[in-house]
Amino acid sequence: MSETIPTAGAARPTISLGAQRRPPSEMVAAVTAFADRMALRRSVRDFAPDPVPDRVLEAAIRAAASAPSGANVQPWRFVVVTDPERKRRLRAAAEAEEFEFYHRRASVEWLDAVAKFGPDWHKPFLETSPAVIVVFEVHQGPNSPKPYYVKESVGIAVGFLLAALQHAGLATLTHTPSPMRFLNEVCQRPAEERPYVVIPVGYPAADAKVPDLARKPLAEVMVRC
């Protein structure tokens, strides 16, 4: 994926990057600390009701919006839902779709794969979490240009967002109800914006539990060639 491809012969304005090279020891320490922090991230379904500071959410979304995107179109929208009534509507609509999915559309193979983690059509976290960030892909419309590499671009931005929220000490969950078009109505977004993922955000509840699982070792996921 390329961020920008200039027209042949066209001059592209540039600015100085202004980056400073860090000593190797400092680089290793910084990236190791980041990796250790991210290794603690888990998908949480039990949230405390305490509100999250607005400035934390704003800074996390600013980090997400710094992600690279095809042709620098930046095809994303981050809708922060904190209103209790709107969260109630979001949960009700999501649970209706998820009920249909779990009982009529999901394959036996998929249900067997996730059975050990215990998810079902009940989604109370959409209402109990103090904030829900609904991420939309922005496609071409009356006020938006044609985007390129939309899913790749938005996926990278969501990765940045999850990392920023984890760095702030908050718990998150990535939720993709199927289908998701109801989110346009709940969040009052135009048709050219297409739901990508729903992210409940907050402090984990004091008695929050997560599945006992392990990540694959580095030797299994990293290949040198």
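The values are calculated or read from the model by the stated rules, or taken from the named source; none is laboratory data. Keep in mind the model is a prediction, meaning the values are calculated, not measured. With ideal geometry, Cβ positions are generated from the backbone for all residues, glycine too; neighbour counts draw on all protein chains shown. For the accessible areas, the whole protein counts, side chains as well, though only heavy atoms, and no ligand, DNA or RNA atoms are used. Shrake-Rupley method; radii C 1.70, N 1.55, O 1.52, S 1.80 Å.
A compact table of results
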| quantity | calculated |
| --- | --- |
| Residues within segment 164-181 that are open to solvent by less than 20 Å² (accessible area, probe 1.4 Å) and either part of a helix (DSSP H, G or I) or at pLDDT 95 or above (or both), tallied | 6 |
| Matching option when the condition is over 23 Å from P124 (Cβ atoms), surrounded by 11 or more Cβ atoms within 10 Å (Cβ to Cβ) and acidic (D, E), among D36, D46, D54 | D54 |
| Failed criterion for D120 (all others in (1) among the charged types (D, E, K, R); (2) without any contact (Cβ under 8 Å) to a residue 60 or more places away in the chain; (3) assigned to a strand (DSSP E or B) hold) | (3) |
| Count - residues of segment 15-49 that are over 30 Å from T176 (Cα atoms) and either outside any helix (DSSP H, G or I) or in contact (Cβ under 8 Å) with a residue 40 or more places away in the chain (or both) | 9 |
| Identity of the residue in segment 68-108, more than 25 Å from S178 (Cβ to Cβ) and aliphatic (A, V, I, L, M), that ends up surrounded by the fewest Cβ atoms within 10 Å (Cβ to Cβ) | A71 |
| Of residues in segment 1-21 being under 31 Å from the mean Cα position of the chain (by Cα) and either hydrophobic (A, V, I, L, M, F, W, C) or at pLDDT 95 or above (or both), the one nearest to S69 (Cα to Cα) | M1 |
| E127, sole failed condition from (1) acidic (D, E); (2) open to solvent by less than 10 Å² (accessible area, probe 1.4 Å); (3) without any contact (Cβ under 8 Å) to a residue 60 or more places away in the chain | (2) |
| Criterion: part of a helix (DSSP H, G or I), more than 16 Å from I199 (Cβ to Cβ), out of contact with any Phe, Trp or Tyr (no Cβ under 8 Å at 6 or more places or on another chain) and of a type outside the set (S, T, N, Q) - qualifying residue of A115, A60 | A115 |
| Hits in segment 103-135 (condition: of a type in the set (A, V, I, L, M, F, W, C) and under 30 Å from I61 (Cβ atoms)) | V114, F117, W121, F125, L126, A131, V132, I133, V134, V135 |
